[in-house]
Amino acid sequence: MDGFPDIKVVLRSDYQHVKQKQVTLVSGGGSGHEPAHAGYVGVGMLTAAVAGDIFASPSSKAVLAALRAVTGPHGCLVIVKNYTGDRLHFGAAVEQAKAEGLKVDMVIVGDDCAIETPSLTGKRGLAGTVLVHKVAGAAAELGSDLQQVVDLANVTAMNVATMGLALTTCTLPGAVTAHRLADDEVELGLGIHGEPGVTRAKMQPANVLVDAMLDKIVAALKTTPGWDQATTSPPRDVCLLVNNLGSSSSMELAVVTGRALQTLHLKHGVHVVRVAMGSFMTSLNMAGISLTVLTGVHQLLAYLDAETSAFGWQRLLTPCCKPNLVPVPVLEHGTDELSAGCRWSRNEKEAVIKAATAACVAIINSEPQLTEWDTSIGDGDCGLTLSRGANAVLDQLKHRVELGPSAFLLTLSHVFESSMGGSSGALYCIMAKAAAGSMLQSSSRLDPAARWMNAFVSGVGAVLKYGRAPPKSRTMNDALVPAANILEQRDPSTDGFQCLESAVQAAEDGADSTRHMPALAGRASYLSEEVLQDVPDPGAKACAIWLRAVVDSFNS
């Protein structure tokens, strides 16, 4: 509407046509609660929204302008949150409109259940007001007359309860932020204008706070007509609205929603037939949420589900209170059977256990040096991560060694994946899985040394494929790839130990070369060459260390 800044009114683009065919709806209030109320202007909800300044009711002049614009022969319903300024300014405009001969009625929403004994002012209007918009707007769109729309709005308003929780206060533009909450405190039972909550409590897990809020909400709903009219035996049907008060993350809203659904169903015997999660009525940038529960939905469900073009409305979903838990898929056969094609040969198992033990011990002993290198050029966790994986492998070797080489490697991959975090854990896991696959497909006619060399080459190939860091990138591949190349290109007539020694020497040379190599991958790629100078890549050095330990164990 062309009246800014004194008159801030948002209208449906087709309001002239709409007012001639149906009841129209007007709501509004102070700014700072977006998407309320302009976000609810559209087909199936509001015809007009009137905005005041931040947290300040619009003037009666602005409200009257909206009423004059959208009220037609079918009449207009004004929906007001129960705050003194809103009641007075909207009320004055309604009375003026009636005096001018317009057919207007008003419904006041007070859904706040934080205060058990409200003052003469009554309960505050909170996010439950949006559900009143939705029901009344859908009824008007479906052709209900003004009295029917008023009745449905009143039914919704009488059967809805809301409670808010905040971790921080909000910041008014140009004002100093009020830091009344300590870092370990929350406020319960607050409004939407930055005012203090009813109670202040120590920070607790989300589950505890959500349960406390729902206890209050359900206690309030038990006094409503909708609860009495519902079936006498659980579950009662309700609608749940999880509202972001400003700057809560989607993850936080999801955590709260999940717990609310569970608590309403299991603790309160309530069946949530519809749920919505998002920003419905905010308080600027406040970090917090509010929970709204509407009971008596059996007569309101069609209106709640009706389509709307209002961009601020989030479509209601039908939750699954009893989730169908699907079991995690497992192999139809055990890991022992994976080695059916390549059993341990004579002395092979003992040699592999000895080599694996030596490799783990070498990594554990090198942890301080690896950590020192990684602290200089990375996040300092390389040594600790690899040491954690080595200890997990040693623990596995004490308990059980699988029937065959492929199953043994597959078990190592699971150990790496579960014990090592970050990229290192994933890369070692991939290397062991690919080596296991190679071992499974190996011909039983190959001697054990050739099978293990081929498996190592396959494992390094998988690390290259998925890690996508070629040699000369200052990564573990600068040690692995040179060693794999030696083994892949070996002459079958060459002595096996001599070949292994050459491969390890290539790995050590490759790892040392990273001291003077620019980083093209990983966190080190963000650092300058001056920082990297003379510091080897710890991942590459670790590979050279355990490869040397493996070969030395064979020589001994």
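Out of every Cα-Cα pair in the chain, what percent are more than 35 Å apart?
On the way: 85651 of 154290 pairs.
Percent of Cα pairs beyond 35 Å in the chain: 56.
Based on C-alpha pairs under 8 angstrom that are at least 6 apart in sequence, region 59-191 has a relative contact order of 22 percent. Using just its DSSP H runs of length 4 or more, each adding -39500 (n - 2.57), the chain gives a mean residue ellipticity at 222 nm of -15000 deg cm²/dmol after division by all residues.
Sorting the segments 98-107, 285-294 by their residues' average number of neighbouring beta-carbon atoms within 10 angstrom, most packed first, yields 285-294, 98-107.
Each residue of region 287-299 was assigned a 3J(HN,Hα) from its phi angle through the Karplus curve 6.51 cos²θ - 1.76 cosθ + 1.60 (θ = phi - 60°); the sequence is 8, x, 9, 10, 10, 10, 10, 10, 9, x, 7, 4, 9 Hz, with glycine and proline shown as x. Could you tell me how far the Cα centroid of region 87-110 sits from the Cα centroid of region 1-80, in Å? Spelled out, the Cα-based centre of one part sits 13 Å from the other.
With all protein chains present and a 1.4 Å probe, how do Ser418, Ser59 order by accessible area, largest first? Before the final figure, lay out the partial values.
On the way: Ser418 100, Ser59 45 Å².
Largest accessible area first, the list is Ser418, Ser59.
Relative contact order for the chain: what is it in percent, counting Cα pairs under 8 Å that are at least 6 residues apart? Worked out over the chain, it gives 11 percent.
Computed about the Cα centre, the dipole magnitude for the chain is approximately 1340 debye when only Lys and Arg (+1) and Asp and Glu (-1) carry charge, each at its Cβ. Backbone geometry of region 306-311 corresponds, through the Karplus equation with coefficients 6.51, -1.76 and 1.60 at θ = phi - 60°, to 3J(HN,Hα) couplings of 4, 5, 8, 9, 5, 6 Hz, x marking Gly and Pro. Amide H contacts under 5 Å for Val78: Val26, Asp105, Met106, Val107, restricted to partners 5 or more places along the chain or on a different chain, H placed in the peptide plane at 1.01 Å from N. Compared with the alpha-carbon gap, the fully stretched path from Asp151 to Lys202 is longer by 14.2 nm at 0.36 nm per residue. Compared with the dominant principal axis of the Cα atoms in the chain, helix 206-221 is inclined by about 20°.
Amide H to amide H, with H built 1.01 Å from N, Val43 comes under 5 Å of Ser309, Ala310, counting only residues 5 or more places away or on other chains. Of Gly110, Val26, Tyr83, which is farthest on the positive side of the dipole of region 15-110, counting Cα position, with +1 on Lys and Arg Cβ, -1 on Asp and Glu Cβ, and the Cα centre as origin? Of the options given, the answer is Val26.
Which net charge results for the neighbourhood of Ala503, defined as the other residues with beta-carbon distances under 12 angstrom from its beta-carbon, given Lys and Arg at +1 and Asp and Glu at -1?
-2
Summing charges over neighbours of Gly128, with a neighbour being any other residue whose Cβ is under 15 Å away from its Cβ, gives +3 when K and R count +1 and D and E count -1.
Averaged per residue, what accessible area in Å² does region 399-553 show with a 1.4 Å probe, protein chains only? The partial results should precede the final answer.
Numbers: 7170 Å² over 155 residues.
So region 399-553 comes to 46 Å² accessible per residue, rounded to a whole number.
Kirkwood analysis of region 404-478, using all unique Cα-Cα pairs, places the hydrodynamic radius at 12.6 Å. Against the chain, whose longest principal axis is taken from its Cα atoms, helix 477-488 shows a tilt of about 50°. What the phi angles of region 458-468 give under the Karplus curve with 6.51, -1.76 and 1.60, with θ = phi - 60°, is a coupling list of 5, x, 5, x, 5, 4, 5, 5, 8, x, 6 Hz, glycine and proline written as x. Rounded if a/c is under 1.5, else prolate if a/b is larger than b/c, else oblate: which is region 241-306, with a ≥ b ≥ c the root eigenvalues of its Cα gyration tensor? Because a/c hits 1.5 or more and a/b fails to exceed b/c, region 241-306 counts as oblate.
Exceeding 22 Å between C-alpha atoms, which entries from my cross-link table qualify? They are Lys19/Lys123; Lys21/Lys81; Lys216/Lys267; Lys8/Lys123.
Numbers: Lys19/Lys123 32 Å; Lys21/Lys81 27 Å; Lys216/Lys267 13 Å; Lys8/Lys123 27 Å.
Going by Cα-Cα distance, Lys19/Lys123; Lys21/Lys81; Lys8/Lys123 fall outside the 22 Å limit.
I need to check one value: relative contact order of region 392-447, counting alpha carbon pairs closer than 8 Å and at least 6 residues apart, in percent. Spell out each step's value before the answer.
On the way: 48 pairs, mean separation 19.5, N = 56.
Answer for region 392-447 is 35 percent.
With angles folded into 0 to 90 degrees, how steeply does helix 60-70 sit against the dominant principal axis of the chain? Use alpha carbons for both and round to 10. Roughly 90 degrees between the two axes.
Computed over the alpha carbons of region 184-291, Rg followed by Dmax gives 14.2, 42 Å.
The values are calculated or read from the model by the stated rules, or taken from the named source; none is laboratory data. In this text the structure is predicted, and so the values were computed from the model without any measurement. Methodologically, a virtual Cβ is constructed for each residue, glycine included, from the backbone with ideal geometry; neighbour enumeration extends over all protein chains shown. All accessible areas refer to the heavy atoms of the entire protein, side chains included, with ligands and DNA or RNA removed. Shrake-Rupley method; radii C 1.70, N 1.55, O 1.52, S 1.80 Å.
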